[in-house]
Structure formats: structure tokens, C-alpha cells
């Protein structure tokens, strides 16, 4: 169906009286309609099959069929066309019944009034145009609804695919996070195996950094860099001879200049190890800078103030507190004293805010079985060579416990390191 409206509305006139046809056509001539006139109903019906009309006007009394019969046929051919009956003999009940059944739109009584005829035809044309516009709108709506159903189905498929993809991506990210956390744990175990004291210090540093990150409300990316750096900041120590590491932890003042220079390289070693993972560049930079000082006298690069990465400034304070070899109160006092020199004053204020939740690691010592004494506390459980737990961690040694350990060692030698500390 052609959706373009004709420039002139078409009117069909049917009457067996040529004079009446001429009169109606002349009356409507000034209204700019395209008028087709017929004197036979059969010819008019054929025209209705091939052309579309806005209004159909028919006389009632004709030889082939009555006007009502013709308009009934017209309704089957062009249901939207407005049908008008001109009559002078039909009863009012018959006409009203025809209107109610939809057979005709209006009827005109003979003789008609010119203005009434023009108004009736004009209203009939407007009615037809409105019906056709509504029909086009309905068709467009149905078509759009069909397209919308298809589009919604396609959209649902895409949403389902995206949801599945997101779930797969989330699962992959969780797996990566778990693997990364396992790798951090493995690194921590490596540090702890290399030297148990370093392992405990690392754990304490990570705890302090976590509390400070929460208090500061760090962005996720900075927080992740800080926490990863906290767990790995001592990884470079594995590149230093263990006896030098033990000496620095036991009596740092007794280090030779060569040993001190060797220790000063462990942040660089740590950055090198972190560089093996592409995503840990910021972590490597933080590890390298965790012994820098706010006044620029730190190592290895002599960075100062804002040159030191944000995460490294926080890590510096945590490391300084844990590695101080002082009591908790003395360590806090030293941090406060070094504010503005070794440490960023703002970071120190943050540390003091969370210091009530911080604690220093136990001063763990590695001893021989002969050095065991009642009152010591085991920093690590003692196991038999077969893996059986003999004495649990944090167990306070009694004279009886010490005797049993020595007796067991006589029968089945204990090969693991003995790590103890004195209770506060």
C-alpha cells in the first residue's frame, strides 16, 4: 500500500440521473476534489476494486441495486471509505439502522442544501483520512513492536553473553587474586625460612600498613601496592649472606662498613625480584624506597619529601617501628622524634592514630637444645622427623618440658631450628 497521501482526495458519485450527477459535481467543483461519476452500480464497483476513494456518494433508487445494497458492497471493498446515501423516500428507521450497522456514514435528504452537502463531504473525507492515518499508525506500531521483540531478544542474548563473560572474567580475576595471594604467602614463607625473625617482622609490618591504609582510606590501587610491598619489602634480604642478616638483627651496631653497604643494597635486590612480574612495577619502586628518609639522607637514592612514593612513605614508618629493637613505647617515641627528618609528619600523625592497635613482634631467638630454659616460650612448634607435633607453638617451657625435649633428642634427634622468646 502506498503510504503517500494524494494531493487531491477522490470522491465517487453514483446516480442513474445524469442531471443529479452534474449538479453534485458542480457543487463540489470548487472544493478541489478528484471526482469520478458513475451512472451504473456495476461500473462503480469495478472502479472501487482498482482505485481508492475517500468518500462514496450514492443515490438510493437505482435500476441495478438500491443505494444501501451498493454501499454494503462498497464497505466490503473499501471499509475505510466514508459512505453517504442520498435519498428522499427511505424511512428514518431504515436509515438509522443503516448508520448503526456501519453501512453508511451519513445520509442526505433530497433536495439537499448546498452548504450541507459540502460540509458532509468535507467531514467524510476528513474521517477517511483519520481512519487511514490510524491504520498506518497501527501498522507502524505492529511493525515496530515486531522489531522491538526481535531487538529485545537480541539484546537479551547479548546481556546473557555479557553476563556469562563477566562471570567468567570475575572467576578468572578471583583465581588470579588467589594465585597472587598464594604467591605472596610463598614469598613470606621463603623469607621466614631464610630467617624467622625477618618473617615475623614482615608480618608485623604488613599488619601496621593494613591499619594505616584503612585509617587513611587509600584508593584500592595504592592500597594494593602498599600491602604487596609490605609483604615483599624484605625479599631482597635473601640475596645477602645469612650471617650478615643475623648480625644486623642481633647487633646492628657491630656491622662493618662493608656489611652495612651490603645491607643497603637489599631494597635494590627486592625491586629486581619484583620486576619479574610486569604488574608489580609500582611495588618494586615502593620496595626500593622503603629506607629513604623525608630529609633526603636515606638510601639507596637519597629521595626526599614528595619524591618518595606515597606507599613507600607509609611503609617507611611501619618498618622503622618494627625494626627499632626498642620497646613499644620507646619505638613510638623514636618515630615521633624522627617526624620531619626520617618520616613525613602527616604519615607519622596517621601512625600515631592507629598506634594503639600496633605491636612489635616478639624478640625471637634461635637457640640450641642445651640453651633451653624453663620460662622460655616456643615461637614455633616442635615436630618429630615424621611430622608429629611434640610441643605446640607459644607453649611456655617448664622444667619437665625441657627435660622431655632433651630426652627425645637423645633417642630421636630433633633437626629443626628451635625458636624461642621471653614473655613480656
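Which numbered condition in (1) at pLDDT 90 or above; (2) closer than 29 Å to residue 135 by Cα; (3) surrounded by fewer than 17 Cβ atoms within 10 Å (Cβ to Cβ) is the only one that residue 97 fails?
(1)
Of the conditions (1) touching a strand residue (DSSP E or B) at 6+ places or on another chain (Cβ under 9 Å); (2) more than 26 Å from residue 195 (Cα to Cα), residue 317 satisfies every one except a single condition; which number is it?
Checking residue 317 against (1) touching a strand residue (DSSP E or B) at 6+ places or on another chain (Cβ under 9 Å); (2) more than 26 Å from residue 195 (Cα to Cα), the one that fails is (2).
Rundown of residues vs (1) at pLDDT below 80; (2) closer than 30 Å to residue 305 by Cα; (3) assigned to a strand (DSSP E or B), yes/no style:
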| position | (1), (2), (3) |
| --- | --- |
| 333 | no, yes, no |
| 354 | yes, yes, no |
| 363 | yes, no, no |
| 366 | yes, no, yes |
| 375 | no, no, no |
| 387 | yes, no, no |
| 401 | no, no, no |
| 407 | no, no, no |
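Here are 205, 238: which of them is in contact with a helix residue (DSSP H, G or I) (Cβ under 9 Å, 6 or more places away or on another chain), within 27 Å of residue 367 (Cα to Cα) and at pLDDT below 80?
238
Cβ contacts < 7 Å: first residue more than 13 Å from residue 31 (Cα to Cα), restricted to the range 117-143; second residue exposed (fewer than 15 other Cβ atoms within 10 Å of the Cβ), any location; separation 6+ or different chain. Result?
136/3
Given the condition part of a helix (DSSP H, G or I) and modelled with pLDDT of 90 or more, answer yes or no: does some residue in the range 152-159 qualify?
no
Restricting the search to the range 21-45, which residues are in contact (Cβ under 8 Å) with a residue 40 or more places away in the chain and in a helix (DSSP H, G or I)?
Passing the criteria: 24, 27, 28, 31.
Taking the options 378, 390, 418, name whichever one is within 55 Å of the chain's Cα centre (by Cα), surrounded by 15 or more Cβ atoms within 10 Å (Cβ to Cβ) and more than 30 Å from residue 328 (Cα to Cα).
That would be 390, the only listed residue that is within 55 Å of the chain's Cα centre (by Cα), surrounded by 15 or more Cβ atoms within 10 Å (Cβ to Cβ) and more than 30 Å from residue 328 (Cα to Cα).
The values are calculated or read from the model by the stated rules, or taken from the named source; none is laboratory data. The structure displayed is predicted, hence computed values, not measured ones. Positions of Cβ are generated from backbone atoms using ideal geometry, with glycine treated the same way; all protein chains shown enter the neighbour counts.
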